[in-house]
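What follows is one structure encoded as structure tokens, with my remarks underneath.
The values are calculated or read from the model by the stated rules, or taken from the named source; none is laboratory data. Computed from a prediction, not measured in an experiment: that's the story for all the values here. Note that each Cβ is placed from the backbone with ideal geometry, even for glycine, and that neighbours are counted across all protein chains shown. Each accessible area value is taken on the protein alone, full model and side chains, heavy atoms only, with ligands, DNA and RNA left out. Shrake-Rupley method; radii C 1.70, N 1.55, O 1.52, S 1.80 Å.
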Amino acid sequence: AMEGLDEIRRTREQADGRIEVLPGGGLTPEDLPEVVRRTGVDQVHLSLSRRAEDRSATHNPAIHFGADLPQDEFGYRAVDEDRVRLARRLLG
């Protein structure tokens with residue numbers, strides 16, 4: 001998204017309120033002030049997650065999911081509350 005901020009701004013202006021344009025794709029909380037300033041958007045799409053330990057599997061060696069998972073079977077993605085707080089603070 002950071003590489004396309006000028007295009008996002010043009011798209012938002014062309015949409016003229018008929019649709020909402022939400023920049024996303026690789027954005028970090030630290031990017032948000034510049035994204036909002038350069039595009040004029042009032043919404044963004046973020047994946048502010050972290051790896052969380054799946055204690056049901058890690059604490060019971062008898063549990064195996066048996067699938068070829070994209071991540072190890074001992075973890076999952078969860079919302080990172082600290083990154084959400086940072087994003088909100090940076091947006092003021």
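Legend: calculated FRET efficiency, residue 10 to residue 48, from the Cβ-Cβ distance at R0 = 30 Å, rounded to 0.05, equals 0.65. Between the amide H of residue 54 and those of 75, 76, distances stay under 5 Å, these residues lying 5 or more places away or on another chain, with hydrogens modeled in the peptide plane. Taking all protein chains as shown and a probe of 1.4 angstrom, residue 5 keeps an accessible surface of around 0 Å².
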